[in-house]
Amino acid sequence: MQNFSLLFLVFILGITLCGPGCHRKEAAADPKALEKSFETAAPEVKQTVTVAVQAIQTAKAAPDTATRQSQYVAALKPMSQLVTQGNLSKEQSQAVLRQFQEVNKTIQKDPQLARNKEIYKAQNDMVQAMLKAGIRP
């Protein structure tokens with residue numbers, strides 16, 4: 001009986017200490033942070049990042065679903081290219097991952113975007129590229 005009481009106390013203590021941390025809000029990934037992480041990259045790599053960032057910003061501001069769909073696909077493709085090309089620093093890999101996660105969250109909030117086959121393919125290609133590069137999505 002004493003073991004049960006001790007186990008119950010540890011369980012309650014764990015919930016009390018760990019519970020509040022589970023619901024904290026993370027700041028949204030800023031597309032400009034992605035650009036910043038590639039400041040020292042080669043010009044063609046910087047251009048690829050700029051294309052992705054502009055597409056993300058256009059998608060966020062787009063009033064209609066069709067534009068958001070095409071822009072998110074236009075953002076994911078160059079991001080996938082960056083990962084496939086390799087030679088990313090840890091900071092760059094993390095920036096790409098954070099931006100990919102942010103784009104995915106946005107897509108999942110809109111059922112029309114989440115069901116789009118082109119977006120699904122672009123997301124899948126991105127995940128495959130990250131896995132091959134050793135980046136865990």
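Look at the stretch 111-132: where a residue is at negative phi and of a type in the set (A, V, I, L, M, F, W, C) and a partner is modelled with pLDDT under 95 and not in a helix (DSSP H, G or I), sitting 6+ places away or on another chain with Cβ atoms under 9 Å, you get Met126/Pro137; Val127/Pro137; Ala129/Ile135; Met130/Arg136; Met130/Pro137; Leu131/Pro137. Among the criteria (1) within 10 Å of the chain's Cα centre (by Cα); (2) buried (at least 18 other Cβ atoms within 10 Å of the Cβ); (3) without any contact (Cβ under 8 Å) to a residue 60 or more places away in the chain, the one Thr106 does not fulfil is (2). Within the stretch 55-76, the residues that satisfy the criterion of being over 20 Å from Asp125 (Cα atoms) and assigned to a helix (DSSP H, G or I) are Gln57, Thr58, Lys60, Ala61, Thr65, Ala66, Thr67.
The values are calculated or read from the model by the stated rules, or taken from the named source; none is laboratory data. The shown structure was predicted, so the numbers you read here are calculated from the model rather than taken from an experiment. So basically every Cβ, Gly included, is an ideal-geometry build from the backbone, and we count neighbours across all protein chains shown.
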